[in-house]
Amino acid sequence: MGSTTHDVVVVGYGIAGVTAAIEAAEAGARVLAIDRGYGGGATALSGGIVYAGGGTRYQKAAGVRDTPENMYEYLRQEVRGAVSDATLRRFCAMSAATIDWLVEHGAQFSGTLCPYKTSYPTDRHYLYHSGNEKAWPFVEHAEPAPRGHRQVARGLGSGKALYAALRAAAERVGVDFRPLSRVHELIVEDGQVSGVRYSTVGLDAPIVRRHARVSVVGGKLANWMPAVGTRINAHADALWQGSAVAAEARAGAVILAAGGFAFSGPMMAEHANGFADITPLGTVGDDGTAIRLGVAAGGSTSHMGRMTAWRFINPPAAMTEGVAVGPSGERIANEDLYGAALAQEMVEHHQGRGFLVMDARQWRKARSQVLVQSQPFQLAQSAYLFSVGHRKAASLGELASGISVPAEALDATVRTYNEGIRSGQGDPAHKAPELCSPIEEAPFRAVDISIRNSPAFPAPGMTLGGLRVDEETGAVLREDDTPVPGLYAAGRSAVGVCSNGYLSGMALADGIFSGRRAGATASGAFH
Ligand SMILES: Cc1cc2nc3c(=O)[nH]c(=O)nc-3n(C[C@H](O)[C@H](O)[C@H](O)COP(=O)(O)OP(=O)(O)OC[C@H]3O[C@@H](n4cnc5c(N)ncnc54)[C@H](O)[C@@H]3O)c2cc1C
């Protein structure tokens, strides 16, 4: 068995791992990063949105007003105690400087502001309102500011480009990276975590070219067609297993940054509650290994039942003008909420089921916006929704019976919405006036927005909880709040700012914040 010695070992090389590695190496530590894949994880698949504010250089370039205090007042409503107020204040105070740090390490953003409501901007826009900033009740707590900073790249290449920039920066500061290496055990001596045991395949092994091809296809499909992706990934795994050899790496500190557990059947069965039917987002590496290793070393977990499901109803923006109702016909919430917040309402109060009801004028308006407001991956979804993915009826009563919703209840919901708009009193569910229009012109349509695993209109989701960490240091905590010596956690392996709820950009921002924190402390243990 090969054994090597380092100051810091980082397990998992996505956003949390690479930022931890950079921070530790820049502080002078000898860092080994280990990844079961080729590095990048969910980060490289992501949309590359980083949530940042408080007056970033790109907000200023776009003429946007924002302060750390304003950002804090907004995020406090979203974070709801997942981390302490002091930690959230620090997150906001550091936010503009975090963007500068990313740029110094090769990331690229832009202040081109998106003028309409969207869940992901086109390549004309790289700054947008990526959460609930403009929606009730959040709008009552802080001045809305766009904080979704998208790494400049085409289409869905932003996550890959952001990761590539940071990985190159890590290489420049001497981080040693070992891909195709899966950690399965922490070495614990006298209560101190002092390294990891892992199985590894060298990049020169004959299976690697085939493995790389198969795992790229499996990795992509796993996020849209889990059954197919899982089979392809199992094939890649069998190739890897056939060539893997044992190794160990010793270090004074180990940082667990190996993602969440959306791809672990048993852990999802235990914790998922209403989110059991999401399409898991991420990679096969999101199998909860890091969390289980941390627990085996004495660590404790929290927020394990907190998940996010992405039920985005826009673009096109005019979809937001419809009303979302549950199976009872009652309104779910103001439709201008961020997609994951709408999904949360649906899961908590409507058994995860719902329909978006629209009239003919809204439908025409939405259809006319599709081409201008959509990315190619969103076009595929719109093509489905505007062709076979909806119900159509000449009256609201007929529509109600088509979707098995009580007709009187649907009629009452629509009537109340229309009356609010016409009377000037506004939508009773507080949707922003510019996104409200009456539902009155036949034919009427309903889109099934339930949280259901479907390739044509998936409800992708991921886990938000993980190992409890000391918010000053990133050290993994035992139940009694004492740290497990030598063990740190970051990103989706840990509890962080987004553990109660996700907004676009918050997982990467949390990964950067918690990764850098763990890297700085772990390296400090040596110098
Ligand atoms: C399609 C998609 C779009 C998204 N868009 C955004 C967005 O725009 N903004 C945003 O904030 N969030 C986004 N997210 C969520 C975000 O990408 C993830 O939550 C975040 O990247 C997680 O970072 P991480 O470092 O914790 O994990 P990862 O980036 O997944 O890295 C973990 C790494 O650990 C490795 N690993 C796992 N187990 C082991 C083991 N036993 N041994 C060694 N290595 C191991 C994995 O191979 C992986 O490379 C998106 C996710 C997806 C899938």
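Conditions (1) under 28 Å from Gly265 (Cβ atoms); (2) away from the ligand (no atom under 14 Å from the Cβ); (3) open to solvent by 10 Å² or more (accessible area, probe 1.4 Å), marked per residue:
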residue	(1), (2), (3)
Gly285	yes, no, yes
Gly298	yes, yes, yes
Thr301	yes, yes, yes
Arg306	yes, no, yes
Ile313	no, yes, yes
Pro316	no, yes, no
Glu321	no, yes, no
Val325	no, yes, no
Arg331	no, yes, yes
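Screening Phe275, Phe263 for residues that are open to solvent by less than 30 Å² (accessible area, probe 1.4 Å) and either at pLDDT 95 or above or within 18 Å of the chain's Cα centre (by Cα) (or both) leaves exactly one candidate, Phe275. Within the stretch 489-518, restricting attention to residues that are more than 17 Å from Val11 (Cβ to Cβ) and hydroxyl-bearing (Ser, Thr, Tyr), the residue that is nearest to the ligand (Cβ to nearest atom) is Ser504.
Filter the stretch 422-449 down to residues that are of a type in the set (A, V, I, L, M) and surrounded by 17 or more Cβ atoms within 10 Å (Cβ to Cβ) and give me whichever is farthest from the chain's Cα centre (by Cα). Only one residue fits best here, namely Ile439.
Beta carbons closer than 9 Å, at least 6 apart along the sequence or on distinct chains, pair a first residue in the stretch 39-53 that is within 16 Å of Ser119 (Cα to Cα) with a second that is of a type in the set (Asp, Glu) and more than 7 Å from the ligand (Cβ to nearest atom) for Tyr51/Asp510.
Applying the criterion of at least 3 residues that are at pLDDT 95 or above, closer than 30 Å to Ser374 by Cα and within 16 Å of the ligand (Cβ to nearest atom) to the strands (runs of 3 or more DSSP E) found wholly in the stretch 129-205 leaves 148-150. Any chance the stretch 30-40 includes a residue that's open to solvent by 60 Å² or more (accessible area, probe 1.4 Å) and in contact with an Asp or Glu (Cβ under 6 Å, 6 or more places away or on another chain)? Scanning the stretch 30-40, I find at least one residue that is open to solvent by 60 Å² or more (accessible area, probe 1.4 Å) and in contact with an Asp or Glu (Cβ under 6 Å, 6 or more places away or on another chain), so the answer is yes.
The values are calculated or read from the model by the stated rules, or taken from the named source; none is laboratory data. Computed from a predicted model, the values in this text were never measured in an experiment. Using ideal geometry, Cβ is built from the backbone for each residue, glycine included, and neighbour counts are taken over all protein chains shown. What goes into the accessible areas is simple: the full protein's heavy atoms, side chains included, and nothing from ligands, DNA or RNA. Shrake-Rupley method; radii C 1.70, N 1.55, O 1.52, S 1.80 Å.
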